[in-house]
Amino acid sequence: MRSAQTYWLIIAGMGVITVAIRLSMILLLGRVRLSPGVSRALRFVPPAVFSALIAPALVRPAGLLDLSVGNPYLLAGALAAAVAWRGKNMLLTIAAGMTALLILR
Amino acid sequence: MRTEFLAGVRAEIPLMLGALPFGLIYGALAREAGIPPAAALAMSSIVFAGSAQFIGTELFASGSPGAVILLTTFVLNLRHLLYSASVAPRLRHLRPAWKWLLGYLLTDEAYAVTITRFQVRTPTDADRHWFFLGAGLTLWAGWQLSTAAGVLLAAGIPTGWDLEFALPLIFIAIIVPMLTDRGTRLAALTAAVVAVAAAGAPLRAGLIAGALAGITAGWLVDRG
């Protein structure tokens with residue numbers, strides 16, 4: 001069992017690390033210049049990071065690879081992607097995915 | 001200024017609503033993990049990073065050493081280094097207080113709408129940091145309130161709902177409209193394959209490996 005003080009110390013450390021990373025380039029940009037190649041690479045950051053967060057949640061819901069049609073997370077995610085592609089509406093996308101998961105499970 | 005701030009608030013509202021269930025779930029899980037209520041609540045303002053808070057809670061619950069919790073937070077939040085570099089050119093002219101405030105508010109959800117705003121040109125471009133502030137504060141307020149509700153109502157939340165699934169759905173809604181060219185599609189596909197293949201790796205290394213592989217793939221094909 002940890003003491004309350006240890007919880008606070010670890011949480012404070014997590015906060016310092018998080019804000020330091022978020023601030024780093026915002027503060028350093030005056031001194032550190034990004035090359036055109038780096039700037040061009042930044043365009044691919046959102047699709048790559050979000051895709052790396054999404055994919056395991058859809059195809060490894062229980063920690064094991066499941067690419068079958070019996071995987072409700074994969075089907076619900078695919079349906080949500082189709083809704084997002086057609087409508088570009090975030091709440092509708094979430095509602096479609098959640099409803100599909102509820103029915104499929 | 002007011003126009004940009006309110007536009008930021010409006011753009012963030014759907015994402016904020018999507019984040020509310022996670023605030024609730026986080027609050028409830030943090031209580032279950034044995035984190036003191038005040039510390040569980042404070043984590044949402046001190047750390048203010050949903051995925052790091054979830055993983056942190058999991059590690060607290062399993063009694064992991066503090067060093068592992070801090071290292072995991074670092075690895076998981078490395079993606080924010082790339083967000084930071086990506087918004088930095090548009091914030092270069094601001095005073096340090098603004099930079100610190102916006103850096104603190106730089107979450108996945110605030111970044112997603114802000115970078116979209118930064119990529120278009122409008123007559124009010126000089127005020128677009130207000131858009132960032134409006135988006136960031138909207139998410140912040142929703143996150144604090146839903147966390148508090150989760151901490152207070154910890155026992156009353158039905159467990160069979162699978163609300164966590166809203167998180168990948170939110171991210172799907174964000175990236176699918178971005179996949180308009182070969183480079184972004186290849187980046188997303190490569191990241192997905194690598195992240196899945198390496199999902200068992202410790203310290204969420206699969207996430208970072210997938211993201212870096214995706215960025216590299218997009219960058220290479222974009223060179224033509």
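Just so it is clear, none of the values below were taken in a lab; they were calculated from the coordinates. Since we're looking at a predicted model, the values are computed, not measured. Positions of Cβ are generated from backbone atoms using ideal geometry, with glycine treated the same way; all protein chains shown enter the neighbour counts.
Tabulated data
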{"quantity": "Percent RCO, i.e. relative contact order, over chain B, from Cα pairs under 8 Å lying at least 6 residues apart", "calculated": "33 percent"}
{"quantity": "Fewest-first sequence of B:71, B:20 by Cβ atoms within 10 Å of each Cβ", "calculated": "B:71, B:20"}
{"quantity": "Calculated P(r) tail over 33 Å for chain B, as whole % of Cα pairs", "calculated": "19 percent"}
{"quantity": "Listed residues B:142, B:34, B:50, most fluctuating in chain B (Gaussian network, C-alpha, under 10 Å)", "calculated": "B:34"}
{"quantity": "Value in Å of the Kirkwood radius, where region A:44-105 supplies the Cα pairs that are averaged", "calculated": "12.1 Å"}
{"quantity": "Hydrodynamic radius of chain A per Kirkwood, over alpha carbon pairs, in Å", "calculated": "17.6 Å"}
{"quantity": "Listed residues A:93, B:25, B:11: farthest to the positive end of the dipole of the protein assembly as shown (Cβ charges)", "calculated": "B:11"}
{"quantity": "Vicinal HN-Hα couplings computed from phi for region A:45-59 (Karplus, 6.51 cos²θ - 1.76 cosθ + 1.60; Hz; Gly/Pro x)", "calculated": "5, x, x, 5, 5, 5, 5, 5, 7, 6, 3, x, 5, 8, 9"}
{"quantity": "Total charge dipole magnitude, chain B, about the Cα centre, Cβ charges on Lys, Arg, Asp, Glu only, Debye to nearest 20", "calculated": "680 debye"}
{"quantity": "Two-decimal log10 I(q)/I(0) for region B:79-182, as the Debye equation yields it once each C-alpha is a single scatterer, q = 0.14, 0.16, 0.20 Å⁻¹", "calculated": "-0.69, -0.84, -1.12"}
{"quantity": "Distance histogram in 10 Å bins (all Cα pairs of region B:179-224, percent per bin)", "calculated": "35, 45, 18, 2"}
{"quantity": "For the protein assembly as shown, the spread of Cα positions along each principal axis, largest first, Å", "calculated": "51, 47, 36"}
{"quantity": "Between region B:189-224 and region A:57-105, the Cα center-to-center distance that results, in Å", "calculated": "21 Å"}
